[in-house]
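Report on one structure; see the data block that follows.
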Amino acid sequence: MTNKDVKTVYKGTGLCSFGVGANLAEVDVKDGKILRTRPARYDKKYDMEQFRPWTIKARGREFSASNKSLISPFAIGYKKRITSPNRILYPLKREDWDPNGERNPQNRGKSKFVRISWDEATDIIAAEINRVKEKYGLESVLLQCDGHGETKVVHAAHGCNTRLFDVLGGYTMQARQPDSWEGWYWGAKHVWGQDPVGQADMGNLLLDIAENTDMLVFWGCDMETTPWGWGGQLPSNYCNWLTEIGVKQVYICPDVNYGCAAHNDKWIPVYPNTDAALHLAIMYTWLTEDTWDKEYMKTHSVGFEYLKKYILGEDDDKTPKTPKWAEPICGVPSRTIKALARKWAKQTASIAHCNGGSLVRSTYSHEPARLEVCLMAMQGLGAPGRNIVKFIEWNFYGMDSQQPAPRSEVIPSLDAAYRGYNFVQPASFIPKTLIPKAILGEYTAENPLKWHGFTLAGWPRWDQFIEYQYPIPGAQELHMIWSDTPCWTTCWNGGNSMIDALHSDKIETIIVQHPWLENDCLYADLILPVNTKYEENDIGVDSVNGNYCTLYYEEQAVRPLGESKSDWEAVGEVAKKLGVYDAYVEGKTEEEWIRFGFENSHFQDLISFEEFKEKGYYLSPTAEGWENDSRGFENFYKNPEENALNTPTGKLEIYSEELAANFPDDVERGPYPKFIPFGESHQESRLHPRSEKYPYLIVSNHPRWRVHANMDDISWFREIETCKMLGPDGYQYEPVWINPKDAQKLGIVHGDIVKVYNDRGWTLGGAYVSERIMPGVVLQDHGSRLDPIEDGVSDRAGANNLICPTATTSRNAAGEVTSGFLVGIEKTDVFELAKKYPEAFNRKYDKGIGVSIENRVKL
Ligand SMILES: Nc1nc2c(c(=O)[nH]1)N[C@H]1C(S)=C(S)[C@@H](COP(=O)(O)OP(=O)(O)OC[C@H]3O[C@@H](n4cnc5c(=O)[nH]c(N)nc54)[C@H](O)[C@@H]3O)O[C@H]1N2
Ligand SMILES: Nc1nc2c(c(=O)[nH]1)N[C@H]1C(S)=C(S)[C@@H](COP(=O)(O)OP(=O)(O)OC[C@H]3O[C@@H](n4cnc5c(=O)[nH]c(N)nc54)[C@H](O)[C@@H]3O)O[C@H]1N2
Ligand SMILES: [Mo]
């Protein structure tokens, strides 16, 4: 850079929270403004040989680590998010919420906010905490503090409030779900015992696939979208290379997602959440054609006889799970099922996921997850070229078993300095999926709400058999909420029920701290303005990108906007008012925590702190001899006795005695997996009569142009038609993909505005008519920024989580259900709607940003 006024700082650009970031970027700053964000060129600062760049060699070709970071479009566009007009610049209070008088909970989401000072805001919060503590006890305060966020460490995005309440002596925590992998957690864990996350053993699989796999089956996986945040562009590059070396790529999904469009050799469309039927029909083919690994099943698994009888129709349901049986259920022609099964048996195949696809977040998702493990077992899971790989976090939190990429010698960690969320199980907690139910019901310690498990990703299998309750003995109901994660409505199950809960008069106080005025912020009583990581000094770590594990010093790029403070500082202001600031910060300043983080990072012996700070970052060398690391389930495959799995028998438990003993009457998650189209908890199936009213299954994928609720107001993305579609009223609607056959039937043409509805409410979208979606299915990404038409009923922005099922995965599995549910769809006239709902449709709206903050704040 020749221009002397331009300063370059380093920032990690992933969105993961818990301090784990991804993909280092160089940020150029001039005159207090961000000019641009670009990949970091490691070779500008270092001789790369010292980091032992890895090279995977297979079939006469090579694939190597990159000497620059491979950042995502989100990183490049993020400067727009930092300066978004939706930023909250000073503390806000709802104008008709008076903590000493009328609280008007019914007006949450309706009445406007007014500006107050930090002093006033923190006085009110401190007084409210003391009042609630006195009157009801600290367990009546719900801390919502999970979720992804900016990858901040000392200034942690989530859970600084738990640090404060740990000092105060109690609270009720909203326990984060294993959201990304519900099916693996509630299902597959019982089969293959993989703890803590429930996903596969996937060490060194980039090499294994390249050497040994003929066919890689992307089963509910978009290699060009969801790896962006963590692996950046590495997964994309790897797939291009697989094509070069002749590894065939088969995509099984209802839509031609972006990875499918770029890399597929074959697309097999399947109806959402009917994969279990497809699994069973493949297994049926293998069983009847005698092309499965009988010896492996004998030595490596227990209980296969139950599943076998079920598949062959020799048990109570008397239905052989033939390809013909599966065809009308899953929409895959039986000849395709047979062809796939035969190819699979003849060749070596692995399955690829990012986290498993929306099907692991649908109704009864434990069933397809368990069946997939059984399917892989029948062909010798762990044999060369036969594994299940996850292509998203390439060195997942440094867990040895979760690193498909060549292993790093040192995996950096900043756990010691992380100021958010404490990873302990508090006395009182409620699963995130059950929050509306908890608030809207009448529960006491004597007549409590009950469920199984702490429901936090990472908790062991046996925890799923423990029954917990809200309120805990001696505690009272919730009366106050403090959220640093205000996107429940647009990211969780049955968002409309959460809006009802936020109107409850039981909840006397709702505090939110957040950088942007959006989603649940609309229902707050008091809001604290938070800044972005570009406005802070911090230390960051990336142990997930697969290229080089990285530790970086994050220098402040720009000054905090308005009166915003970091989450850690904001909570600190409240701690001061409560007289517990020193205990809250544990006696250390920001700078001291940064240094403490470095000193405990595992990098402290590789480079001095001074040099680290001056250079901006340091990389971990690739481990010597990584090529010889075991691959996936290789060790278990070779010797199951010596390398027992973490199940009670040490084998693959196709039949789980534990599930049978703990939940003897559970027909929704029995001891062995089945295809369950509907049941007591859910009726979201084309096979259920409800589908006459709501005939389409909706796929609600992770958004291509957002990370969940994040970044919906980046104008650069909104210009892209798969991000937003311009309505005739100038509003940018969230696209809804519809197959041309269905569109014709419904009288819908590309660009029409459509209503997507079911008995839980409705939302709008722009019709994107395309053969990229199979008939009978519609697709709308999740996480669009809420713009309610009628609170708790309808929404203009396409926040389809509002109308997801409210019930959890199944009776005894408290997971989220957010995709693969029934909806109706029809063309609508926005000008007619505008007449009917003038308040919502007359809100000030800025193209490129969305609905404006001015509608909510009295300036
Ligand atoms: N329909 C549908 N829904 C789904 C899924 C699906 O497949 N389909 N997938 C599920 C999955 S896997 C996940 S992980 C969840 C994600 O759900 P969440 O993790 O709850 O959502 P995020 O948008 O990632 O982030 C949470 C909030 O943190 C805020 N935030 C970001 N940075 C900061 C910060 O520095 N400080 C503060 N205070 N706040 C910050 C964001 O703006 C956002 O409001 O969604 C789930 N929901
Ligand atoms: N751009 C972007 N990237 C992200 C995120 C984001 O919000 N935006 N979120 C991050 C997080 S927290 C997570 S957990 C991961 C999630 O990563 P994934 O679990 O892989 O993501 P999904 O988008 O839920 O699903 C991937 C693909 O599954 C297919 N699919 C959907 N339903 C079904 C089904 O019923 N059956 C089959 N066979 N296929 C189906 C669709 O083609 C979809 O593109 O992504 C991460 N990366
Ligand atoms: Mo996730």
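Within region 163-188, track down each residue that is within 16 Å of ligand 2 (Cβ to nearest atom) and outside any loop (DSSP other than H, G, I, E, B).
Asp179, Ser180, Trp181, Glu182, Gly183, Trp184, Tyr185, Trp186, Gly187, Ala188
Scan Glu26, Glu62 and give me the residue that is in a strand (DSSP E or B), acidic (Asp, Glu), farther than 29 Å from Arg163 by Cα and touching a Gly at 6+ places or on another chain (Cβ under 9 Å).
Glu26
Which residue, of Asn639, Asn646, is surrounded by fewer than 17 Cβ atoms within 10 Å (Cβ to Cβ) and under 31 Å from the mean Cα position of the chain (by Cα)?
Asn646
Which of the following residues is under 30 Å from Lys112 (Cα atoms) and within 16 Å of ligand 3 (Cβ to nearest atom): Thr509, Thr433?
Thr433
Could you list, in sequence order, the residues of region 818-833 that are open to solvent by 30 Å² or more (accessible area, probe 1.4 Å) and either within 19 Å of Pro677 (Cβ to Cβ) or not in a loop (DSSP other than H, G, I, E, B) (or both)?
Glu826, Lys827, Phe831, Glu832
Search region 356-393 for residues being closer than 22 Å to Ala210 by Cβ and within 16 Å of ligand 1 (Cβ to nearest atom), and hand back the single one that is modelled with the highest pLDDT.
Taking the candidates together, the pick is Lys390.
Before we move on, is Asp31 modelled with pLDDT under 95 and either within 16 Å of ligand 1 (Cβ to nearest atom) or of a type outside the set (Ser, Thr, Tyr) (or both)?
yes
Output yes when any residue across region 263-279 is closer than 21 Å to Ile392 by Cα, at pLDDT 95 or above, more than 16 Å from ligand 3 (Cβ to nearest atom) and assigned to a helix (DSSP H, G or I), and no when none is.
Scanning region 263-279 turns up at least one residue that is closer than 21 Å to Ile392 by Cα, at pLDDT 95 or above, more than 16 Å from ligand 3 (Cβ to nearest atom) and assigned to a helix (DSSP H, G or I).
Can you pull out the residues in region 25-64 that are over 21 Å from Val541 (Cα atoms), among the hydrophobic types (A, V, I, L, M, F, W, C) and open to solvent by less than 60 Å² (accessible area, probe 1.4 Å)?
Of everything in region 25-64, those that are over 21 Å from Val541 (Cα atoms), among the hydrophobic types (A, V, I, L, M, F, W, C) and open to solvent by less than 60 Å² (accessible area, probe 1.4 Å) turn out to be Val29, Ile34, Ile56, Ala58, Phe63.
So how many residues does region 611-622 have that are open to solvent by less than 10 Å² (accessible area, probe 1.4 Å) and over 19 Å from Ser69 (Cα atoms)?
Counting residues in region 611-622 that are open to solvent by less than 10 Å² (accessible area, probe 1.4 Å) and over 19 Å from Ser69 (Cα atoms) gives 0.
Would you mention how many residues in region 796-817 are in contact with a Gly (Cβ under 9 Å, 6 or more places away or on another chain), within 16 Å of ligand 2 (Cβ to nearest atom), assigned to a loop (DSSP other than H, G, I, E, B) and farther than 16 Å from Trp737 by Cα?
So the count comes out to 5.
In region 334-357, what residues are hydroxyl-bearing (Ser, Thr, Tyr), in a helix (DSSP H, G or I) and open to solvent by less than 20 Å² (accessible area, probe 1.4 Å)?
Ser334
Sort out which residues of region 689-733 are open to solvent by 20 Å² or more (accessible area, probe 1.4 Å), touching a helix residue (DSSP H, G or I) at 6+ places or on another chain (Cβ under 8 Å) and more than 16 Å from ligand 1 (Cβ to nearest atom), and write them in order of number.
Ser715, Trp716, Pro728, Asp729
Anything in region 684-713 that is assigned to a loop (DSSP other than H, G, I, E, B) and farther than 30 Å from Thr225 by Cα? List them, or say none.
Of everything in region 684-713, those that are assigned to a loop (DSSP other than H, G, I, E, B) and farther than 30 Å from Thr225 by Cα turn out to be Leu687, His688, Pro689.
Hey, does region 529-536 have a residue that's touching a Phe, Trp or Tyr at 6+ places or on another chain (Cβ under 7 Å), assigned to a strand (DSSP E or B) and modelled with pLDDT of 95 or more?
Yes, region 529-536 has at least one match.
With Thr291, Thr226 as the choices, which residue is more than 16 Å from ligand 2 (Cβ to nearest atom), in a loop (DSSP other than H, G, I, E, B) and in contact (Cβ under 8 Å) with a residue 24 or more places away in the chain?
Thr291
Tally time: how many residues in region 702-743 are over 30 Å from Ser17 (Cα atoms) and not β-branched (Val, Ile, Thr)?
13
Quick one: which residue in Ser810, Ser770 is in contact (Cβ under 8 Å) with a residue 12 or more places away in the chain and closer than 16 Å to Arg361 by Cβ?
When all the criteria are applied, what remains is Ser810.
Select from region 394-403 the residues that are more than 15 Å from ligand 3 (Cβ to nearest atom) and open to solvent by 10 Å² or more (accessible area, probe 1.4 Å) and write down the one among them that is modelled with the lowest pLDDT.
Filtering region 394-403 for residues that are more than 15 Å from ligand 3 (Cβ to nearest atom) and open to solvent by 10 Å² or more (accessible area, probe 1.4 Å), the one modelled with the lowest pLDDT comes out as Gly398.
If Gly766 satisfies all but one of (1) assigned to a strand (DSSP E or B); (2) open to solvent by 10 Å² or more (accessible area, probe 1.4 Å); (3) touching a Pro at 6+ places or on another chain (Cβ under 6 Å); (4) not aromatic (Phe, Trp, Tyr), what's the number of the condition it fails?
Condition not satisfied by Gly766: (2).
So, in region 506-545, exactly how many residues are over 21 Å from the mean Cα position of the chain (by Cα) and within 16 Å of ligand 2 (Cβ to nearest atom)?
Here the count works out to 0.
Can you pull out every residue in region 623-636 that is surrounded by fewer than 18 Cβ atoms within 10 Å (Cβ to Cβ) and either on the phi > 0 side of the Ramachandran plot or of a type in the set (Phe, Trp, Tyr) (or both)?
Passing the criteria: only Gly625.
For the list (1) surrounded by fewer than 22 Cβ atoms within 10 Å (Cβ to Cβ); (2) farther than 30 Å from Thr489 by Cβ; (3) of a type in the set (S, T, N, Q), I need the number of the one condition that Ser656 fails.
It fails just one condition, (1).
Can you find a residue that is open to solvent by 10 Å² or more (accessible area, probe 1.4 Å), in contact with a Gly (Cβ under 9 Å, 6 or more places away or on another chain) and in a helix (DSSP H, G or I) anywhere in region 195-205?
no
The values are calculated or read from the model by the stated rules, or taken from the named source; none is laboratory data. Predicted, not measured: the structure shown is a model, and the values here were computed from it. Backbone-built Cβ (ideal geometry, glycine too); neighbour counts: all protein chains shown. With ligands, DNA and RNA removed, areas are computed over all heavy atoms of the protein, side chains included. Shrake-Rupley method; radii C 1.70, N 1.55, O 1.52, S 1.80 Å.
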